[in-house]
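Report on the structure given below.
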Amino acid sequence: MENTKTYHEIDFLLPSQRFNINFSYITQKGLPFVREFVLRLIQLAPMSMSQVATFFGFSRKEVQEAIDDLVERGELTLSENGRLALTEKSSGYFTELGEAPRLSLLRDSSAYLSFDLATFSCLGKENSSEKWKAGISIKVEDENASCSETRVEKHFQRQFHEILQKGFLSKSLTLEEKDSPNVYTVNSVSKIKQMPLRLPVQFKVDEEGRSVEREDFEQLKSSDYVHGQISLELDRLARPSNFGEIVRAMADIGDGETLKLFDSKGSSVSMQFFEDLVKLESNSQKKRKTFIGPIYSTANWELLQKYLAPLIKARRESKADVGKTPFLWLAPSDPYWGKSSNLQVRVSEILSMATTKEKRLYTPTLYLPLSGADDKKTARQWKWEFDPNSDDVHGVIEGFLGGSVEVMHFQGEFVVVVYHASLPDSYPVSLPIGFVSAEKDVVSSVGRLVTTYLQGSSGFEHSNDCGLLSRMGRNE
């Protein structure tokens with residue numbers, strides 16, 4: 001859709017299952033040359049053996065062998081007047097006079113195919129290894145999972161030609177262009193495993209800043225039911241407006257620019273103001289760029305790389321000891337943050353780029369929110385989500401600048417601030433909006449706010465920094 005902008009990217013996980021399907025199908029095959037044309041000739045008019053020999057130029061022995069073979073196959077018979085005629089069997093090879101005969105064959109085959117458990121669309125033959133993480137799970141009716149084998153049997157038959165056209169079945173079913181196989185019967189359907197179908201959804205606004213309708217899913221025969229289930233999950237996760245909290249956080253950071261993008265009621269964002277601000281920043285001497293959407297989205301990550309890539313290059317070439325420079329990534333308490341496979345890729349990237357064969361370039365630490373130092377349940381969930389990088393992740397007691405602010409801080413170099421605004425009257429999910437800045441005063445002031453919070457406490461005996469998640473719960 002033109003003139004829209006993506007303000008959030010969220011993956012939804014739809015239950016699907018993989019099956020082993022054994023089935024029989026009917027295919028139409030052509031006949032060998034002599035056999036075909038003898039039958040086509042006699043279809044036009046019954047005739048004697050000598051007439052057949054004359055027409056094809058056969059010797060008496062050759063025509064005798066050909067006719068004997070067709071009689072043995074039950075495809076020719078001798079009529080009362082001594083002429084050769086088609087049998088009921090061979091007459092069934094033709095649908096029109098003079099056309100090529102087609103022989104129906106019954107064959108067996110099998111396929112390993114996956115189907116989602118909402119619309120039972122065939123997803124193909126790939127064996128997905130997706131895990132139930134980095135996304136929001138969609139619920140489907142329990143009966144869909146418990147009776148999936150029976151339902152897949154029906155849907156396989158209904159979708160057979162579509163499945164065939166997409167190349168999901170054995171090549172032997174489509175070797176000849178004239179073949180038009182039809183499924184005869186499904187002999188067995190065996191469920192092998194359950195896994196999620198990852199459905200990335202882009203939430204967009206138009207040029208007026210209004211939320212636009214979500215797009216349908218190409219993989220599914222129908223998207224209506226799934227969109228309905230997604231809406232139910234969004235209603236469950238919905239939070240009241242946090243605009244007042246966001247305004248206070250902006251004041252603490254000293255950020256008056258981003259505040260101008262919101263309307264006076266704090267219910268929506270003006271895309272015109274956003275575009276104007278981006279233009280101003282591109283022509284300004286200030287080292288600041290405003291953006292909308294998660295920092296780990298493709299477009300915003302490219303923006304971040306304009307700040308990070310030159311630093312990494314310079315540090316690789318430098319002989320200075322820079323390995324202890326902190327690079328902190330503080331996550332917000334937002335139900336939609338990190339619900340995308342993109343985040344896991346970005347975290348792995350940040351961690352892997354921190355070192356070369358020769359030295360360490362910086363010290364990265366990711367901080368994930370916990371309700372308290374004893375929140376073992378959330379800690380376990382985070383460890384599962386960030387495996388195999390969980391040994392590099394810390395827990396932090398939530399509440400930094402109200403809890404809805406995300407910060408990436410590369411000490412002395414740049415800072416990323418993202419406000420996760422919950423504006424339920426205008427947008428179904430939170431709207432991430434923020435900036436990247438390399439202005440020294442901004443980098444240091446935001447850095448002090450983060451450091452002060454991590455070293456402080458929020459009414460607990462321990463500091464807000466709960467330490468490595470991998471160590472939490474070991475002594476239980």
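Compared with the dominant Cα axis of the chain, that is its longest principal axis, helix 440-455 is turned about 90°. Considering only Ile312, His161, Leu234, and ranking their Cα positions along the charge dipole of the chain that arises from unit charges at the beta-carbon of Lys, Arg, Asp and Glu, the one farthest toward the positive end is Ile312. Counting Lys and Arg as +1 and Asp and Glu as -1 over every other residue whose Cβ lies under 11 Å from the Cβ of Thr363, the net charge comes to +1. Suppose we keep just the DSSP beta bridges with both residues in segment 323-457; what percent of those would be antiparallel, to 5? The antiparallel fraction comes to roughly 65 percent. A Förster radius of 41 Å, combined with the Cβ-Cβ distance separating His161 from Gln272, puts the computed FRET efficiency at roughly 0.25.
Just for the chain, what percent of DSSP beta bridges are antiparallel, to the closest 5?
Looking only at bridges with both residues in the chain, the antiparallel portion is about 85 percent.
Relative to the compact globular guide of 2.2 N^0.38 Å, what is the alpha carbon radius of gyration of segment 6-126, as a ratio?
In units of the globular-protein estimate, segment 6-126 measures up at 1.84.
Normalising the average separation of contacting C-alpha pairs (under 8 angstrom, six or more residues apart) by the number of residues puts the relative contact order of segment 229-290 at 18 percent. Of the residues Ser110, Thr150, Gln455, the one whose Cα sits farthest toward the positive end of the charge dipole of the chain, with +1 on the Cβ of Lys and Arg and -1 on the Cβ of Asp and Glu, is Gln455. When only alpha carbons of segment 61-130 are considered, Rg and Dmax amount to 22.8, 72 Å.
The angle separating the long axis of helix 341-352 from the principal Cα axis of greatest extent in the chain is about 60 degrees. How large is the Kirkwood hydrodynamic radius of segment 119-256, in angstrom, based on all distinct alpha carbon pairs? Kirkwood radius, segment 119-256: 19.3 Å. Entry note, segment 161-231: relative contact order of 13 percent, from Cα contacts under 8 Å with a spacing of 6+ residues.
Please give the calculated 222 nm ellipticity per residue for the chain, where each DSSP H segment of at least 4 residues contributes -39500 (n - 2.57) and the sum is spread over every residue; nearest 500 deg cm²/dmol? Write out the running numbers ahead of the final one.
Values: 14 runs with 155 residues, N = 476.
Mean residue ellipticity, 222 nm, calculated: -10000 deg cm²/dmol.
Taking all protein chains as present, what is the carbon and sulfur share of the accessible area of segment 1-105, in % to the nearest whole number, probe 1.4 Å? About 52 percent, which is the carbon plus sulfur part of the accessible surface.
Quick one: helix 298-317 against the long Cα principal axis of the chain, what's the angle to the nearest 10°, folded into 0 to 90? Once rounded, one gets 60 degrees. Which distance in Å, rounded to a whole number, links the C-alpha centroids of segment 32-79 and segment 390-439? Between the Cα centre of segment 32-79 and that of segment 390-439, the gap is 84 Å. Based on every Cα atom in segment 325-476, Rg and the maximum pairwise Cα distance Dmax equal 15.5, 53 Å.
Under the criterion of Cα pairs below 8 Å and six or more residues apart, the relative contact order for segment 89-197 equals 27 percent.
Residue order by solvent-accessible surface for Phe58, Phe33 is Phe33, Phe58, largest first, with ligands and nucleic acids left out and a 1.4 Å probe.
Applying 0.36 nm per residue to the separation of Lys89 and Ser104 and subtracting their alpha-carbon distance, the gain on full extension is 4.3 nm. Close amide H contacts of Gly124 (hydrogens built in the peptide plane, cut-off under 5 Å, sequence separation of 5 or more or a different chain): Ser114.
Averaging Cα coordinates gives a centre for segment 114-154 and one for segment 312-358; these two points are 35 Å apart.
The values are calculated or read from the model by the stated rules, or taken from the named source; none is laboratory data. All of these numbers come straight from a predicted model, not from anything done at the bench. Note that we place each Cβ from the backbone using ideal geometry, even for glycine, and neighbour counts take in every protein chain shown. These area figures cover heavy atoms from the full protein model, side chains too; ligands, DNA and RNA do not enter into them. Shrake-Rupley method; radii C 1.70, N 1.55, O 1.52, S 1.80 Å.
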